């Protein structure tokens, strides 16, 4: 099989959560341990850092990988979902996984996988761990797929665990309360492994403290650095150790992600890695170039200003709305779509009613029908037109926008993915 045929085989044999949602989710760790044993425990051949959380775990993972890379280490990075191509999920020093490795890996283990019938994520996690071992990485930053306790990445014993925050997401799988969701995320906390909690309060905070206590460790919490948003769109953070630290990621949510990363660095520097200040400065400043991160308050054009962001739940959208309110424009245009297993009401209630909306749906089975989305949005005073594709909605927004307007595209990772695909084909 070719690379494209192999990826298609993976998607058809083990349907991905990205496309069909909870039907692709397999609860339990049995398959993960069997795959790991079959592959001879590749994750034990390098250090790992485990990153969980509802929002911000992708940005946090990419920042850590960028800093470690700038410090001279060979770094693996495993994240999900992808935007344009499957290979984005698995990177070494920013370079996507070799396509021939994907082909050979599937061909070499096809009989075993077909007898086991793993989920797409179980299979690709094994692939990532095996690729990092073959590439002889020194450290791999591993982003949790969903939850934590039963996530198939949780077979690792990392040198550091990070939980960014807790918000309502995947409630049908993780629980209907923040405390229940926190218990699932807290499942990555392990004995004798330090843990950083990016943001927590009340009952969520107590869940993490209790889980850490059972593991005999004291959770670490970040201090918020002084910050300012520069005219360039980048953030500048100031701490005693890192004055005038420039972060290439400019979204409002990055303030908390940066604080979490800076807290993590204090642990990683304590006998684990050599991380000179230069590596930290360059890691923050060139995170997009170093890791290929896309879709985090990403400005793709000025006049009119066009911004893309993958925020897709109330916890993420609140920062986006706050940032939109800080922008200057004559008219705000919002190209918006969601998936059908998200709490659309909590998101729509946050969106600004003074915008012109272009309701649409991504090209995946999980997409929420754009007509239904528009109907729901009308209950919150959000008015606009309905479009069958993201490309059509985006073109209409551009046609109606003047140079002094702002176009925001988001609501779902897959809306942003479709925009990138549309622009690439243009």
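Read-outs throughout are calculated quantities, based only on the coordinates presented, and are distinct from any laboratory measurement. No experiment lies behind these values; they were computed from the predicted model shown. For neighbour counting, all protein chains shown are included, and Cβ atoms are generated from backbone atoms with ideal geometry for every residue, glycine included.
Under 10 Å, Cα contacts only: if you run a Gaussian network model on the chain, which one of 361, 318, 266 comes out with the highest mean-square fluctuation?
Most flexible of the set in this elastic network: 266.
Compare 207, 103, 347 in a GNM of the chain, Cα atoms joined below 10 Å, and give the one with the largest fluctuation.
103
Testing the spin-label approximation: label points 7 Å from Cα along Cα→Cβ at residue 340 and residue 74. State their distance in nm.
In this crude spin-label approximation the distance works out to 4.6 nm.
GNM on the chain, C-alpha springs below 10 Å: top fluctuator among 59, 227, 167?
Ranking 59, 227, 167 by mean-square fluctuation puts 227 first.
Between residue 398 and residue 115, what is the spin-label point distance in nm, taking each point 7 Å from the Cα along the Cα→C-beta axis?
The two pseudo-label positions are separated by 5.2 nm.
Ordered by packing density, taken as the mean number of other Cβ atoms within 10 Å over each peptide's residues, highest first, how do 138-147, 36-45, 187-196 rank?
138-147, 187-196, 36-45
Need the full-extension length gain, residue 246 to residue 218, defined as separation in residues times 0.36 nm minus the C-alpha distance. One decimal, nm.
Once the chain is fully extended between residue 246 and residue 218, it gains 7.1 nm.
Helix-derived [θ] at 222 nm for the chain: sum -39500 (n - 2.57) over DSSP H runs of at least 4, divide by residue count, nearest 500?
Theoretical 222 nm ellipticity from helices: -12500 deg cm²/dmol.
7 Å from Cα along Cα→Cβ at both residue 9 and residue 369: what's the point-to-point distance in nm?
Computed distance between label sites residue 9 and residue 369 equals 3.7 nm.
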